[in-house]
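The values are calculated or read from the model by the stated rules, or taken from the named source; none is laboratory data. Note that the structure is a prediction, hence the values are computed from the model and not measured. Glycine gets a Cβ as well: all are built from the backbone with ideal geometry, and neighbour counts include every protein chain shown. Please note that ligands, DNA and RNA were not included when accessible areas were found on the heavy atoms of the full protein model with its side chains. Shrake-Rupley method; radii C 1.70, N 1.55, O 1.52, S 1.80 Å.
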Amino acid sequence: QVHFVESGGGLVQPGGSLRLSCVASGFTFSMFAMNWYRQSPGKEREVVAGIRLGSGESNYADSVKGRFTISRDKAKNTVYLQMNNPKPEATAVYYCNRGQWPGPGYDPWGQGTQVIVSS
């Protein structure tokens with residue numbers, strides 16, 4: 001069964017950095033694409049970054065371009081989201097899921113990991 005476990009969130013200051021991790025299981029990792037999504041209270045979930053797991057080709061939403069970097073480690077079935085100098089608007093719960101950029105993810109979702117950007 002498909003399973004995602006997100007981790008690495010926490011409190012980060014503007015100008016600081018965090019690296020989120022997503023360990024995936026239940027499918028052939030390199031055959032798919034995955035995205036990072038985020039959701040803030042009162043807002044719809046939005047896609048922020050995506051990666052083709054085989055090639056490493058990446059995509060970014062305009063809101064995070066130049067600040068976030070998505071990567072993967074195929075040997076570890078893990079996708080990362082490096083957040084550098086995040087804006088306060090980046091505060092959200094972050095989720096990973098399978099999906100072709102910029103499309104939706106699918107059930108089941110992981111628990112997500114909370115990121116708070118604050119001074």
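Things to note:
- So residue 15, is it under 15 Å from the mean Cα position of the chain (by Cα), loosely packed, with under 14 Cβ neighbours inside 10 Å and touching a residue at least 60 places away in the same chain (Cβ under 8 Å): no
- Listed conditions (1) under 12 Å from the mean Cα position of the chain (by Cα); (2) under 14 Å from residue 19 (Cα atoms); (3) open to solvent by less than 30 Å² (accessible area, probe 1.4 Å) are all met by residue 95, apart from (3).
- Scanning the range 18-49 for residues that are aliphatic (A, V, I, L, M) and open to solvent by 60 Å² or more (accessible area, probe 1.4 Å), we see that the one that is nearest to residue 96 (Cα to Cα) is 23.
- Criterion applied to 42, 9, 26, 50 was being closer than 17 Å to residue 115 by Cβ, touching a residue at least 12 places away in the same chain (Cβ under 8 Å) and not basic (Lys, Arg), and the one residue passing it is 9.
- Residue check for residue 5: in a strand (DSSP E or B), at pLDDT 95 or above and touching an Asp or Glu at 6+ places or on another chain (Cβ under 9 Å): no
- Residue check, residue 87 touching a helix residue (DSSP H, G or I) at 6+ places or on another chain (Cβ under 8 Å), open to solvent by 80 Å² or more (accessible area, probe 1.4 Å) and more than 21 Å from residue 104 (Cβ to Cβ): no
- Restricted to the range 47-115, the set of strands (runs of 3 or more DSSP E) holding at least 2 residues that are under 17 Å from residue 12 (Cα atoms) comprises 68-73, 78-84, 92-98.
- Breaking point among (1) open to solvent by less than 30 Å² (accessible area, probe 1.4 Å); (2) under 11 Å from residue 72 (Cα atoms); (3) among the charged types (D, E, K, R), for residue 52: (1)
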